[in-house]
Amino acid sequence: MHYGHFDNANREYVIDRIDLPVSWTNYIGTRDMMGVFNHTAGGYLICGSSEYHRITRFRPNGVPMDGPGHYLYLRDEEDGDFWSVSWQPVGKPKEHYSCRHGLGYVKYLSDYSEIAAEQKLFVAMDDPVEIWDLRLRNNSGRERSLSVFSYLEFSFHQVDMDNRNFQMSLYAAGSRYEDGVIEHELHYEENSFQFFTGNFTPDGFDCLRDAFIGPYRTERNPLAVETGQMSGSAELGGNHCGALKKSIRLAPGEEARLLFFLGEGGVNEGLRMREKYSIQKADEDFRRLAEFWNRKLSCLQVETPNEGMNTELNIWNLYQSEINIMFSRFTSFIEVGGRVGLGYRDTAQDAMMVPHSNPEKCRSRLVELLRALTQEGYGLHLFEPRWFDPEEKQQSFQSPTVVPTPPKSQLVHGIKDACADDALWLVSAVVQYVRETGETPFVDECVTYADGGEGTVYEHLKRILDFSAREIGRNGICKGLRADWNDCLNLGGGESSMVSFLHLWALENFCSLAEHVGRVKDSARYRALAEDVRERCRRVLWNGKWFIRGITADNRKIGAQTDLEGKVHMESNTWAVISGAATESEGVSAMDSVDEYLFTEYGLMLNAPCYTKPDDGIGFVTRVYPGLKENGAIFSHPNPWAWVAEAKLGRGSRAMKFYNALCPALQNDKIEIRQAEPYSYCQFVVGRDHSAFGRARHPFMTGSAGWSYYAATQYLLGIQPDFDGLRVDPCIPADWKEFTVTRKWRSSTYIIHVTNPCGVEKGVAEIFADGKEVAVLPILPTGSICRAEVVMGPERKETKA
Ligand code: GLC
């Protein structure tokens with residue numbers, strides 16, 4: 001069963017059945033101002049920080065579902081009937097409403113009472129201003145008298161302040177109205193205003209939420225809309241809203257257009273922005289938004305025999321990966337801003353995946369992470385980049401109890417709270433950045449450490465590798481510490497296979513960088529360490545059929561062949577192969593076990609069988625309900641690891657079987673099971689041991705976005721940027737005859753046509769760049785266009801240049 005369809009020509013997902021089982025969300029904004037909105041205009045807007053600077057209020061996990069939002073009501077002045085353009089909150093009836101989720105914008109369309117309406121939400125390109133673009137058309141044969149009412153609820157900015165201690169919060173914000181502009185102020189902050197206005201002279205306003213809504217009512221039936229009367233309320237203190245009324249008459253067939261602006265700044269700024277954003281300027285910005293995304297998407301476009309993959313890689317998967325890197329992971333309906341800034345491991349992985357489409361942001365994220373590295377070599381698990389920003393500005397006065405500001409020394413947590421994997425991701429992310437951009441001098445830039453002192457990027461990376469070399473347990477495998485990638489595997493002094501494999505992977509990547517920059521001594525030293533790690537991994541972690549997940553502090557193996565629960569795990573087996581620790585036969589056996597024990601029609605489960613008995617030696621995972629989250633759900637993030645592992649083993653059909661099972665775009669017709677949006681990877685899909693098997697949860701904010709994109713483009717389609725050239729090494733199903741990838745790299749465009757005449761799954765017989773045979777596609781002068789022909793088949797190494 002489906003609720004909508006992909007409109008790939010317009011790069012939109014169209015929801016044409018509006019009564020979805022759960023919210024289907026999307027993001028607006030390209031810079032500091034961003035918002036997350038669902039299919040009925042429920043959602044919220046922030047600027048800069050979802051913890052400290054929330055512009056509109058959201059009542060998370062609430063009833064009714066996912067509100068309030070940025071709403072427009074229409075009222076027929078003849079009979080008093082009213083509805084909302086986005087169906088909710090009025091909610092009558094559910095037919096004739098649709099929603100189009102596009103890249104950086106949402107459109108709500110309604111056709112009620114012979115009035116066609118469209119509300120489009122997006123953010124201006126150069127100013128922190130959200131634009132609501134309303135278009136109306138009178139499709140009835142008579143003149144209509146309508147009123148339009150806007151509604152949004154302002155937030156007390158800081159998430160805690162907005163949700164508790166109202167004896168203070170309620171007196172912290174004020175509102176006023178002047179010259180068609182509503183001004184909202186958070187008085188306990190310095191110069192902290194928002195404005196809400198429109199490109200028209202309002203016929204009424206309310207700045208006070210409770211005046212607009214009225215007692216014992218909700219957004220579904222606000223008093224002001226029901227009566228058609230605004231009360232002109234405003235006050236210092238209380239809860240505030242942006243409610244403007246505009247009356248319009250529409251002749252038969254006549255159209256009207258109104259713009260509303262919600263932005264940062266007070267009345268004067270509102271006036272300035274209203275002046276600046278004429279209809280022409282708003283349209284120009286909307287075109288620029290499309291260009292912004294076109295530019296990103298055009299960095300890599302594919303034509304493959306797999307339509308689901310085309311939809312993902314050409315549009316939605318990159319979009320989702322970009323949303324994560326642009327805004328971090330703490331703004332959604334699930335992560336509602338109550339945590340600070342950046343998660344170390346998540347950000348490092350996000351930054352690794354899209355340096356081709358967003359080199360600036362990836363670079364700045366890498367720097368933020370490097371600054372949050374301790375001298376000991378572990379990263380701060382969760383941190384706010386501004387803590388370590390040399391240019392951070394302080395407010396001139398202290399807010400009473402609002403934002404506690406501990407001294408910097410207290411922000412640096414000890415090793416007790418360190419996660420063993422966090423900083424290891426950063427090593428490969430930095431190397432990947434250099435491979436993509438060629439910006440080698442980056443590695444010699446000086447960056448501070450979180451706990452004082454400074455060193456080059458390169459030195460930071462060495463400290464990370466040395467930390468993992470030091471922090472090993474009794475069997476010589478890296479300690480699990482607070483957790484590894486799996487937040488719920490809490491091994492403390494026990495040992496984590498995954499971390500040792502990650503260590504090896506990071507070492508390999510670092511050594512190739514060291515060689516690239518001519519640091520021969522380092523490469524020799526770390527290659528020797530890598531060999532040592534590899535040897536230990538194989539000796540300690542191989543159980544004859546697959547790789548164990550780790551060893552508890554009291555020396556019990558996790559994932560032994562005799563285990564009844566948690567027998568086979570994704571993380572250890574995929575990473576044994578990706579890191580190169582496994583021999584080919586071990587890798588094949590390990591990944592066959594993954595297929596046998598973990599594969600389902602919706603993707604690969606994290607572990608099987610699920611844990612049912614608490615075991616604190618293993619960790620919290622044993623206390624999670626079977627089939628949910630880290631206990632045997634189809635956790636999406638590690639699924640692409642299995643595609644990479646299979647690609648390394650050369651098994652393209654198996655890799656594509658795994659890819660297709662998880663692919664959201666291929667589940668558009670299974671929404672009665674999946675429930676969640678088919679244009680976004682979700683954090684997890686409920687696993688086989690649970691009654692809701694197949695239900696997807698937590699869209700957008702997940703490492704599966706970047707990893708899916710990276711694994712599919714670099715390992716399945718095989719387009720791999722390297723220091724000195726663009727490698728092409730696909731791994732595809734044998735029945736794929738050909739595919740094309742258009743890839744921008746180092747200021748040139750490569751149109752890469754891959755054919756597979758012999759029906760192989762892996763192996764490249766020859767590569768031609770503009771007719772000349774090469775081993776890798778060369779770096780070309782800026783602006784070049786290179787036509788590459790890649791023929792798969794048995795390798796003919798001797799002919800390569
Ligand atoms: C969540 C966390 C991520 C972690 C994963 C597995 O997605 O954001 O950091 O790796 O869960 O526990």
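The values are calculated or read from the model by the stated rules, or taken from the named source; none is laboratory data. None of the values given here were measured: they were computed from a predicted structure. Cβ coordinates were reconstructed from backbone atoms using ideal geometry, including for glycine residues, and neighbour counts include every protein chain displayed. Ligands, DNA and RNA are excluded from the accessible area calculation, which covers all protein heavy atoms including side chains. Shrake-Rupley method; radii C 1.70, N 1.55, O 1.52, S 1.80 Å.
For segment 509-518, the set of residues classified as within 22 Å of Met352 (Cβ to Cβ) and either in contact with a His (Cβ under 6 Å, 6 or more places away or on another chain) or not acidic (Asp, Glu) (or both) consists of Asn509, Phe510, Cys511, Ser512, Leu513, Ala514, His516, Val517, listed by residue number. The residues of segment 321-349 that are under 19 Å from Leu366 (Cα atoms), in contact (Cβ under 8 Å) with a residue 40 or more places away in the chain and of a type in the set (S, T, N, Q), listed by number, are Ser321, Asn324, Gln349. Counting only residues that are surrounded by fewer than 20 Cβ atoms within 10 Å (Cβ to Cβ), at negative phi and among the polar types (S, T, N, Q), segment 146-166 holds 1 of them. For segment 443-452, the condition holds for at least one residue, the condition being that it is crowded, with 19+ Cβ neighbours inside 10 Å, outside any loop (DSSP other than H, G, I, E, B), out of contact with any Gly (no Cβ under 9 Å at 6 or more places or on another chain) and touching a residue at least 12 places away in the same chain (Cβ under 8 Å).
In this structure, Glu586 qualifies as in contact (Cβ under 8 Å) with a residue 24 or more places away in the chain, surrounded by fewer than 24 Cβ atoms within 10 Å (Cβ to Cβ) and out of contact with any Gly (no Cβ under 8 Å at 6 or more places or on another chain).
For segment 545-570, the candidate set comprises residues that are outside any strand (DSSP E or B) and among the small types (Gly, Ala, Ser); within that set, the residue that is farthest from Asn607 (Cα to Cα) is Ala553. None of Lys657, Lys648, Lys670, Lys629 is within 16 Å of the ligand (Cβ to nearest atom) and not aliphatic (A, V, I, L, M) except Lys629. Candidates are the residues of segment 207-245 that are surrounded by 16 or more Cβ atoms within 10 Å (Cβ to Cβ) and of a type in the set (Ser, Thr, Tyr); the one that is nearest to Phe195 (Cα to Cα) is Ser233. Can you work out which of the residues in segment 477-492 that are open to solvent by 50 Å² or more (accessible area, probe 1.4 Å) and out of contact with any Gly (no Cβ under 6 Å at 6 or more places or on another chain) is farthest from the ligand (Cβ to nearest atom)? Only one residue tops the list, namely Arg482.
Given segment 293-372, what helices (runs of 4 or more DSSP H) lie entirely inside it while holding 1 or more residues that are away from the ligand (no atom under 16 Å from the Cβ) and either of a type outside the set (A, V, I, L, M, F, W, C) or buried (at least 24 other Cβ atoms within 10 Å of the Cβ) (or both)?
307-311, 317-327, 359-371
Each residue in segment 267-283 was checked for being in contact with a Ser or Thr (Cβ under 9 Å, 6 or more places away or on another chain) and either surrounded by fewer than 22 Cβ atoms within 10 Å (Cβ to Cβ) or in a loop (DSSP other than H, G, I, E, B) (or both), and 2 pass.
Would you check if Glu436 is more than 22 Å from Asp522 (Cα to Cα), assigned to a helix (DSSP H, G or I) and away from the ligand (no atom under 16 Å from the Cβ)? It is true that Glu436 is more than 22 Å from Asp522 (Cα to Cα), assigned to a helix (DSSP H, G or I) and away from the ligand (no atom under 16 Å from the Cβ). Residues that are within 30 Å of Ser585 (Cβ to Cβ), more than 16 Å from the ligand (Cβ to nearest atom) and more than 14 Å from the chain's Cα centre (by Cα) do occur in segment 679-688, at least one of them. A single member of His460, His503 is closer than 23 Å to Gln720 by Cβ, in contact (Cβ under 8 Å) with a residue 60 or more places away in the chain, more than 16 Å from the ligand (Cβ to nearest atom) and crowded, with 22+ Cβ neighbours inside 10 Å, and it is His503. Looking only at residues in segment 439-455 that are closer than 25 Å to Ala528 by Cα and within 29 Å of the chain's Cα centre (by Cα), the one that is nearest to the ligand (Cβ to nearest atom) is Val443.
Looking across segment 246-266 at every residue that is in contact with a helix residue (DSSP H, G or I) (Cβ under 8 Å, 6 or more places away or on another chain) and closer than 17 Å to Thr201 by Cα, the one that is most open to solvent (accessible area, probe 1.4 Å) is identified as Arg257. Being within 16 Å of Tyr97 (Cα to Cα), open to solvent by 20 Å² or more (accessible area, probe 1.4 Å) and either of a type in the set (A, V, I, L, M) or at pLDDT 95 or above (or both) holds for only one residue in His39, His5, and it is His5.
Those strands (runs of 3 or more DSSP E) of segment 47-141 in which 2 or more residues are surrounded by fewer than 20 Cβ atoms within 10 Å (Cβ to Cβ) occupy 115-123, 129-138.
Among the residues of segment 167-176, some residue qualifies, meaning at least one is at pLDDT below 95, open to solvent by 30 Å² or more (accessible area, probe 1.4 Å) and outside any loop (DSSP other than H, G, I, E, B).
Checked against the criterion of being in a loop (DSSP other than H, G, I, E, B), surrounded by fewer than 24 Cβ atoms within 10 Å (Cβ to Cβ) and not charged (D, E, K, R), segment 703-717 has no qualifying residue.
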